[in-house]
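Asker: Attaching a single structure in structure tokens format; questions to follow.
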Amino acid sequence: MIACPGISAISYALPAVSRSVRELAVAGLLDSDPEVLERFGFERVGVAIEETPYDLALAAASAMLREHDIDPSTIDALLYGGAPGAIAFAKPRDAAAMASGLCDGHRFEYPATRLQFDLGLDNATVLGLDQLACTAILGAVRLARALCIAEGLERVLCVSSEFYPAAAGREAISNCTSDAACAVLVERNATRNRIVGGVSVTKGFFWGAGSMRDEVMASYFPTAAHVIRRTVANAGWQPEAVNWVMPHNVSATSWEILFRLAALPNARLWSDNIRRIGHTLAGDNFINLRDALDGGAVKAGDKVLMFAYGYGAHWTGLALEA
Amino acid sequence: MTKHCCFVTGATGLVGREVVARLLASPEVERVYVLARGGANGSRVTAPPLHGDLRLDGLGIAPDVRARLAREVTTVVHLAANTSFSQSLDEARATNTDGTRRLLELSDDWTHVSRWVYVSTAFVAGLRTGTILEEDSLPVSGWANAYEQSKAEAEMLVRAERTDWVIARPATIVCDDSSGRISQMNAVHRALRLYFGGLAPMLPCTDQSLVDAVTTEYAARGIARAVLAPDIARHTFHFCAGLGAMPLSELLDVTYDAFLRAPAWRRKGIVRPVRTDLATYRLFEQAIHDVGSDRVRQALRSLGHFVPHLAYPKRFATDAADALLGDSAPPAASFWASMVNQLVGNVPVLEAA
């Protein structure tokens with residue numbers, strides 16, 4: 001019988017400091033009018049000052065091992081997606097200088113291998129994922145599931161950590177962003193959150209995130225609706241069977257539109273974190289699922305659909321049975 | 001039988017040229033006067049073009065010319081209009097409503113006139129839904145844009161002021177003839193290019209949405225017949241595809257099949273627009289208004305003047321027009337694919353005859 005891997009643990013880490021949308025506007029870190037962003041549902045975001053992406057990744061993964069009393073030596077693989085190479089060890093104010101490390105001997109200093117050492121994942125092989133932007137953690141989970149099925153791995157730890165360098169503002173296509181890290185444990189024989197389907201669509205035509213902003217914005221909705229429909233079908237579900245949608249925390253308005261287009265008549269959108277932490281590049285969907293499970297909103301057996309878009313351009317859906 | 005002496009406005013436009021050519025070819029027509037703002041193709045009329053402007057009192061026509069028109073004209077054919085969908089109501093009225101009023105006033109003195117043909121649009125029905133009969137009264141509100149409203153108001157004026165009126169209401173004209181040749185780009189072509197470019201992701205519609213489109217050839221044939229046919233005073237004619245209108249789903253299939261024939265477009269992986277209800281479409285418009293670039297805002301704004309019609313499905317009845325012409329309009333499906341193929345460059349652009 002083919003295994004049906006699932007997600008048995010989720011942890012995340014946010015920076016110590018948070019800022020309101022108004023504060024970000026005053027600091028000149030937004031492109032859009034703060035009133036518009038507030039109307040889109042954003043209120044506060046986490047802003048790393050002293051934390052590096054690596055610090056956040058380590059915090060999230062350590063918390064997971066600690067909270068769930070997981071023996072690090074039982075992890076078979078570590079999949080890391082997020083800030084690459086030397087920049088992962090940079091504080092936001094130092095990001096530009098540290099990026100030069102990509103061009104010298106620091107080029108081969110990787111956050112993933114350091115995580116393996118710092119966490120004591122002695123038996124874990126390490127893979128790094130790149131170029132999936134906000135869908136990196138979904139890509140990692142997809143790969144983890146495949147490794148569990150194809151290679152018989154029992155436990156795969158997926159970690160993603162991302163930040164905005166100090167000079168980069170805090171807005172991505174009119175979405176306010178938090179620095180954050182997320183850790184997700186995929187187990188071959190998980191009893192909860194079984195991964196029953198997934199679809200990922202990449203459209204290389206839209207690779208130029210800056211130069212093709214208009215085209216990306218216009219293609220977002222029809223492609224997202226298409227991927228959601230395909231994900232539901234891939235899971236073997238009927239649209240009316242979906243109980244929850246765990247979103248990526250882009251604007252509440254865009255989700256209101258997409259939710260209508262998705263035509264999932266009985267589903268509810270778990271959108272509490274849009275206001276609280278905004279959009280993280282590291283793993284909105286799983287951060288939301290963790291909070292929704294902790295808060296009791298999502299019950300065992302609920303059918304949960306995740307969707308996220310990542311620059312590049314990637315539209316990804318994942319179907320779970322909680 | 002007295003032959004017609006026609007006075008035609010809008011004769012330099014796409015449909016106007018074709019109507020005038022048909023009138024000139026008729027043995028029932030002795031003379032055609034055409035009004036033109038910036039000159040006209042005099043070789044296709046029996047008199048030099050008359051310089052004038054609908055926005056001027058007396059249409060700006062010299063008194064001696066007006067006297068001659070008053071003596072000779074038997075038939076008025078009013079085609080001229082500002083057809084922009086994006087204009088303000090004041091701008092639309094200045095040409096379409098007030099221009100018609102000025103022509104009515106001017107022709108009041110033309111004692112031989114026995115037919116006054118007003119070329120309107122099927123979309124004076126505005127956002128009504130269901131079957132729109134040719135004899136239905138005009139709505140008093142609820143249009144998608146200022147163009148439709150100004151044309152409806154002009155129709156009302158003509159009906160009120162004349163007893164010899166004939167109203168011709170073409171549907172959207174999308175190409176010259178069944179070859180799909182496009183001699184003049186209009187809002188429909190510009191909209192299709194936005195969808196081709198991937199800048200328009202949604203269509204507001206219902207399961208019953210239809211697209212009614214006709215060719216210049218058909219519309220001109222209908223209008224010319226409305227000018228010349230006997231005993232049709234106080235009748236309205238829908239020169240529309242009617243039962244040959246295309247269901248939106250079919251139109252999208254045909255359109256995107258044509259898009260897919262363009263190899264460069266196929267590689268882009270642009271998804272066809274998602275069909276949705278008007279409320280969702282409005283939400284999207286608002287979001288783009290709030291944070292979109294000028295380019296996308298402009299695209300949405302230009303679509304917003306007529307695309308919402310799709311959410312108000314209607315079918316234009318064509319009984320009177322069919323009886324007048326002895327046949328129905330060519331079904332939209334008979335030329336739509338050819339038109340789109342030319343628009344996106346899948347086939348060499350056909351030269352106008």
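Asker: With bins 20 Å wide starting at 0, give me the P(r) of chain A over every alpha carbon pair, in whole percents.
Answerer: 34, 60, 6
Asker: For the stretch A:1-43, rounded, prolate or oblate, judged on the Cα gyration tensor with a ≥ b ≥ c (square roots of eigenvalues), a/c < 1.5 rounded, else prolate if a/b > b/c?
Answerer: Taking the square roots of the gyration eigenvalues as a ≥ b ≥ c, the stretch A:1-43 is prolate.
Asker: I'd like the distance between the alpha-carbon centres of the stretch B:126-159 and the stretch A:161-210, rounded to an integer number of Å.
Answerer: If we compute the Cα centre of each part, the gap is 51 Å.
Asker: Follow-up. Under the rule of -39500 (n - 2.57) per DSSP H run of 4 or more residues, summed and divided by the residues of chain A, what mean residue ellipticity at 222 nm is obtained, to the nearest 500 deg cm²/dmol?
Answerer: It comes out at -10000 deg cm²/dmol, rounded to the nearest 500.
Asker: When N is the residue count of the protein assembly as shown, what does its C-alpha Rg come to as a fraction of 2.2 N^0.38 Å?
Answerer: Numbers: Rg = 32.3 Å, N = 675, 2.2 N^0.38 = 26.2 Å.
Compared with the compact-globule rule of thumb, the protein assembly as shown sits at 1.23.
Asker: So how do B:296-309, A:205-218, A:279-292, B:259-272 stack up, highest first, on mean other-Cβ count within 10 Å?
Answerer: A:279-292, B:296-309, A:205-218, B:259-272
Asker: While we're on this one: Keeping all protein chains in the complex and leaving out DNA, RNA and ligands, what accessible area do you get for B:S249 with a 1.4 Å probe, in Å² to the nearest 10?
Answerer: Here the accessible area works out near 50 Å².
Asker: Taking the stretch A:1-157 on its own, what percent of its Cα-Cα pair distances exceed 28 Å?
Answerer: It works out to 32 percent of all Cα pairs.
Asker: What order, most packed first, do the peptides B:225-234, A:242-251 have when packing is the mean number of other Cβ atoms within 10 Å of each residue?
Answerer: A:242-251, B:225-234
Asker: Two decimals is fine: what's Rg over Rh for chain B, C-alpha atoms, Kirkwood radius as Rh?
Answerer: Rounded to two decimals, Rg over Rh is 0.98.
Asker: Still on this structure, please answer the following. Please compute P(r) over all alpha-carbon pairs of the stretch B:9-166, binned at 5 Å starting from zero, and give each bin as a whole-number percent.
Answerer: 2, 9, 18, 21, 21, 15, 9, 5, 1, 0
Asker: With a ≥ b ≥ c the root eigenvalues of the C-alpha gyration tensor of the stretch B:82-159, is it rounded (a/c under 1.5), prolate (a/b larger than b/c) or oblate?
Answerer: Oblate is the answer for the stretch B:82-159, as a/c is 1.5 or above yet b/c matches or exceeds a/b.
Asker: Can you give the average number of partner chain beta-carbon atoms within 10 Å of each beta-carbon in peptide B:285-296, as a whole number?
Answerer: 5
Asker: Given the peptides A:141-147, A:300-306, arrange them by the average over their residues of other C-beta atoms within 10 Å, most packed first.
Answerer: So the peptides A:141-147, A:300-306, ranked by packing, come out A:141-147, A:300-306.
Asker: For helix B:216-228, what angle does its Cα long axis make with the longest principal axis of chain B, in degrees from 0 to 90 and rounded to 10?
Answerer: Here the helix axis deviates by roughly 30 degrees.
Asker: Turning to a different aspect of this structure: Looking only at other chains, what is the average number of their beta-carbon atoms within 10 angstrom of each beta-carbon in B:269-281?
Answerer: Details: counts 9, 8, 13, 2, 4, 11, 3, 7, 2, 0, 1, 7, 2.
Going residue by residue through B:269-281 and averaging, the value is 5.
Asker: Still on this structure, please answer the following. Straight-line reach only, C-alpha to C-alpha below 19 angstrom: list the aspartates and glutamates that A:K303 could link to, leaving out same-chain residues fewer than 8 apart.
Answerer: The qualifying aspartates and glutamates are A:E187, A:E240, A:D272, A:D284, A:D291, A:D294, A:E321.
Asker: Please list the helices of chain A that count as membrane-span-like by this rule: a mean Kyte-Doolittle hydropathy of at least 0.0 together with Cα atoms stretching 18 Å or more along the helix axis, each helix being a complete DSSP H run.
Answerer: Membrane-span-like by this criterion, though nothing is claimed about a membrane: A:53-67, A:136-151.
Asker: What's the average, rounded to a whole number, of partner chain beta-carbon atoms within 10 Å of each residue's beta-carbon in A:216-228?
Answerer: That average works out to 6.
Asker: What are the GluC sites (Glu not before Pro) within the stretch A:41-85 that DSSP puts in a loop, where the Cβ has at most 11 other Cβ atoms within 10 Å?
Answerer: Passing sites in the stretch A:41-85 are A:E50.
Asker: Right, something else. May I ask for the angle, rounded to the nearest 10°, between helix B:187-196 and the longest principal axis of chain B, with both axes built from Cα atoms and the value confined to 0 to 90°?
Answerer: Helix B:187-196 and the main axis of chain B meet at about 10 degrees.
Asker: Let me ask another. Given that compact globular proteins tend to follow 2.2 N^0.38 Å, what is the ratio of the alpha-carbon Rg of the stretch B:213-316 to that value? Walk me through the numbers on the way to the answer.
Answerer: Working: Rg = 19.0 Å, N = 104, 2.2 N^0.38 = 12.8 Å.
The stretch B:213-316 yields a ratio of 1.48.
Asker: Okay, next question. With all protein chains present, calculate the accessible area of B:E135 using a 1.4 Å probe and round the result to the nearest 10 Å².
Answerer: 140 Å²
Asker: Please list the equivalent ellipsoid semi-axes of the stretch A:167-322, computed as the square roots of five times the alpha-carbon gyration tensor eigenvalues, in descending order and whole angstrom.
Answerer: 24, 18, 15
Asker: Roll a 1.4 angstrom probe over the protein heavy atoms and tell me the percent of accessible area of the stretch A:76-154 that is carbon or sulfur.
Answerer: 55 percent
Asker: Same structure again: Show which lysines lie in cross-link reach of A:K91 when reach means a straight Cα distance below 22 angstrom and same-chain residues fewer than eight apart are skipped.
Answerer: Hits, sequence-local ones excluded: zero.
Asker: Using Cα positions and a limit of under 25 Å, work out the lysines in reach of B:K151, with same-chain residues fewer than 8 apart set aside.
Answerer: B:K314
Asker: Also: Report the far tail of the P(r) of the stretch A:217-272, meaning the percent of Cα-Cα pairs longer than 18 Å.
Answerer: Of the Cα pairs, 26 percent sit more than 18 Å apart.
Asker: If you take all C-alpha pairs in the stretch A:152-256, what percent of them are over 19 Å apart?
Answerer: 63 percent
Asker: May I pose another question? Roughly how many Å is it from the Cα centre of the stretch A:239-257 to that of the stretch B:224-272, as a whole number?
Answerer: Each part's Cα centre sits 36 Å from the other's.
Asker: Another question, if that's okay. Could you check which residue among A:I137, A:I195, A:I228 shows the biggest mean-square fluctuation in a GNM of chain A with a 10 Å Cα cutoff?
Answerer: Among A:I137, A:I195, A:I228, the largest mean-square fluctuation in the Gaussian network model of chain A belongs to A:I195.
The values are calculated or read from the model by the stated rules, or taken from the named source; none is laboratory data. Here the structure is a predicted model, which is why all the values come from computation and not from measurement. Using ideal geometry, Cβ is built from the backbone for each residue, glycine included, and neighbour counts are taken over all protein chains shown. With ligands, DNA and RNA removed, areas are computed over all heavy atoms of the protein, side chains included. Shrake-Rupley method; radii C 1.70, N 1.55, O 1.52, S 1.80 Å.
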